[in-house]
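The values are calculated or read from the model by the stated rules, or taken from the named source; none is laboratory data. What you see is a predicted model, and the numbers here were worked out from it, not measured in a lab. Every residue, glycine among them, receives a Cβ derived from its backbone with ideal geometry; neighbour counts consider all protein chains shown. In case anyone asks, the SASA skips ligands and DNA or RNA and just uses the protein heavy atoms, side chains included. Shrake-Rupley method; radii C 1.70, N 1.55, O 1.52, S 1.80 Å.
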Amino acid sequence: MSSIYPDLFSENTPVLDVEHLWVRYDTHTVLEDVSLRIDGPGEILGIIGPNGGGKTTFLKSVLGLIPISKGSISVFGLPPEKARPYIGYVPQYSKYDYDFPISVMEVVLTGRLKRAGLFHRYSKEDKEAAMHALETVGMTEYKDAQIGQISGGQRQRVFIARALSNDPKFLLMDEPNTGLDTFMQDELYRILDELKKKMAIIVISHDIGAVSAHMDKIACLNRRLYFHDNKEMSREDFIAAYGCSIDLVAHGMPHRVLGTHPYAHGADDSACGCGCTPIPISGITNPESDAGDSAADSAAADSAAVDSAAVDSVAADSAAADSAAADSAAADSAAADSAGTQEAK
């Protein structure tokens, strides 16, 4: 039997089974007819989508934190509320108060409250589990540091350790790479690559490039879920999810590509639902930009690629204008020659 499953669960029971899920707040529909199934560990599912598309609501539904309007959710065959002991959750870390005087170790131990209870002392087992979680994310040397005194990337590792301290079999992460530089993002995904061997993982993210480069499967969520059980999504699905046209997310070297787009983001205060300026996409090969491909995991290289495209566009426009001017000058010269010939006659 796979080690991901507690003894009372069957190995054939899916980790997550969502069928025709609807969530409404009053009369506003947030999630519409969403279905998704995750059978076991070994893969990371990245869910992308515009702001307000229902991504966080989806995670909270899976955790049983909000009521659903229609449909069903089961985690290891159980209702979400009863499956929580087997779920680790990493919320958006920006919601934490970093001025609160609490140590790294104490933050990780709070992940054991569901076992220890709110007013019980932490046991030796709790402390050992917390230390093991810190070892997993490489943060044991900071166990006594105040949470607000370490870097953003280190804090994110601590919050992952907090989620891992209860030995979850299913990990949910909401925007885990927010505020992290490229190096810290790479470290985060290195940790996730190890964790996915023994648990199923869902990552919510706005960073389409990072999701395409590091996730095993990708889904788009904008009230409805667009999912093809692989790492490639069609332009049509992105149009449906984001309301604008962008290029495919596919396997291969990460590369930023700008697709046909009806809006100039920010130029005249117009905007579509994509939430990006512009939209970074991974996995599109381009034989004319190998140098850009090799550095595409760097934000600076991405920016340079976009700037270069803009310069090329301006240069092309300039060349066209120069050509038009040359044609006009040639026409004027021909007219002058003709006039001179008539005069001579």
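Before moving on, here are some points about what is shown:
- If R0 equals 22 Å, the separation of the Cβ atoms of residue 183 and residue 146 corresponds to a calculated FRET efficiency of about 0.45.
- Cβ-based net charge around residue 57, under 11 Å, with every Lys or Arg adding one and every Asp or Glu removing one: +3
- Residues with amide H under 5 Å from that of residue 89, placed H, sequence gap 5 or more: 172
- Gain on full stretching of the segment that runs from residue 51 to residue 110 - 0.36 nm per residue minus C-alpha separation: 18.3 nm
- For a paramagnetic label modelled on residue 92 (point 7 Å from Cα along Cα→Cβ), amide N atoms under 16 Å away belong, within the stretch 205-220, to 205-208.
- The residues of the stretch 168-219 present an accessible area of 31 Å² per residue when probed at 1.4 Å with all protein chains retained.
- For the stretch 212-220, the Karplus equation 6.51 cos²θ - 1.76 cosθ + 1.60, evaluated at θ = phi - 60°, returns couplings of 5, 6, 10, 8, 8, 9, 10, 10, 9 Hz by residue, with Gly and Pro reported as x.
- Solvent-accessible surface of the stretch 33-106, averaged per residue with a 1.4 angstrom probe and all protein chains in place: 44 square angstrom.
- Pairs of lysines in the stretch 121-235 (C-alpha under 18 Å apart; 8 or more residues apart or interchain): 10
- For residue 201, the residues 5 or more places off, or on other chains, whose built amide H falls under 5 Å of its own are 43, 45, 171.
- Heavy-atom SASA rank of 120, 206 (probe 1.4 Å, accessible area, largest first): 120, 206
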